[in-house]
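Input: a single structure, listed below in structure tokens.
Where a number appears in this text, it was derived from the coordinates with a stated rule and is not lab data. This structure is a prediction, so every number in the text was calculated from the model and none was measured. Here the Cβ is made from the backbone with ideal geometry for all residues, glycine too, and neighbour counts use every protein chain on show.
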Amino acid sequence: MGNESIDLGLNNIWKSWFTFKKGKHFTFEMHDFQYNLERNLYDLFHDLQTGNYSHGNYRKFIVCDNKRREISVAKVRDRVIHRLIYDWLNKIYDKTLIYDAWSCRKEKGLLGAIERINGLLKPYLSLEKWLQ
């Protein structure tokens, strides 16, 4: 692993915004952020360049689907930075992970992990093999 430093340039912040918002359900906060998008991204860039960026508070709420869970959500501004950092770290570390690390990786995920383990277990789960 080299000494790759994170690119905090305005162009990279724009890329992080577009990557972050892809596939997201637009909430009021996202609409508000996008309404002033150029100003918000420039302010974010400026705060990063001057060392004045600080992570905001989390909004917390409870969901009760299969079980009761507390969810914490960062502000959109901070989630753009999360994406920026994730993309930078991913370039460095993804190639060092074993093949069967499935979480938060391109072309992988929960469904892929389930299919992989099913394929690996199939020879051992065959009833015919155990009945002989």
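Considering the zone a paramagnetic label at Ile6 would reach in this model (a point 7 Å from Cα along the Cα-to-Cβ line), which residues of the stretch 90-106 have amide N under 20 Å from it?
The answer is 90-96, 104-106.
How many angstrom lie between the Cα centre of the stretch 31-54 and the Cα centre of the stretch 56-132?
Using only Cα atoms, the two centres lie 29 Å from each other.
Within a Cβ distance under 14 Å of His55, other residues only, what is the Lys/Arg minus Asp/Glu net charge? Present the calculation step by step, with values, prior to reporting the outcome.
Details: positive: Arg59, Lys75, Arg77, Arg79, Arg83; negative: Asp47, Asp78.
Counting the neighbours of His55, the net charge comes to +3.
I'd like the chymotrypsin sites (Phe, Trp or Tyr not before Pro) in the stretch 10-50 restricted to DSSP loop residues with at most 14 other Cβ atoms within 10 Å, sorted by number. Walk me through the numbers before you get to the answer.
Values: sites: Trp14, Trp17, Phe18, Phe20, Phe26, Phe28, Phe33, Tyr35, Tyr42, Phe45; in loops: Phe26.
Of the chymotrypsin sites (Phe, Trp or Tyr not before Pro), the ones in loops of the stretch 10-50 whose Cβ has at most 14 other Cβ atoms within 10 Å are Phe26.
Compute, for the chain, the length of the dipole vector about the Cα centre, with Cβ point charges of +1 (Lys, Arg) and -1 (Asp, Glu) only. Units Debye, rounded to 20.
On the way: 22 positive and 16 negative charges, 84 e Å.
For this selection, approximately 400 debye.
In the stretch 62-111, what chymotrypsin sites (Phe, Trp or Tyr not before Pro) fall in a loop by DSSP, with at most 13 other Cβ atoms inside 10 Å?
Details: sites: Tyr86, Trp88, Tyr93, Tyr99, Trp102; in loops: Tyr99, Trp102.
Counting only loop positions with at most 13 other Cβ atoms within 10 Å, the chymotrypsin sites (Phe, Trp or Tyr not before Pro) in the stretch 62-111 are Tyr99.
Run the quick spin-label model on Ser54 and Lys15: label points 7 Å from Cα toward the beta carbon, then report their separation in nm to one decimal.
Inter-label distance under the simple model: 3.0 nm.
Restricting to lysines 8 or more places apart or on different chains, can you count the pairs in the chain with Cα atoms under 19 Å from each other?
18
Using Cα atoms only, what is the angle between the long axis of helix 10-21 and the major principal axis of the chain, expressed in degrees (0 to 90) to the nearest 10?
The angle comes out near 50 degrees.
So for the stretch 1-52, taking the charge dipole from beta-carbon charges (+1 Lys/Arg, -1 Asp/Glu), which of Phe20, Leu37, Leu8 sits furthest toward the positive end?
Phe20
Would you please name the GluC sites (Glu not before Pro) within the stretch 1-64 that are DSSP coil residues with at most 13 other C-beta atoms within 10 Å of their C-beta?
Working: sites: Glu4, Glu29, Glu38; in loops: Glu4.
Taking the stretch 1-64 and a limit of 13 other Cβ atoms within 10 Å, the loop GluC sites (Glu not before Pro) found are Glu4.
Find me the longest stretch of the chain that has none of the exposed trypsin sites (Lys or Arg not before Pro), where exposed means in a DSSP loop (not H, G, I, E or B) with at most 10 other Cβ atoms within 10 Å.
25-66
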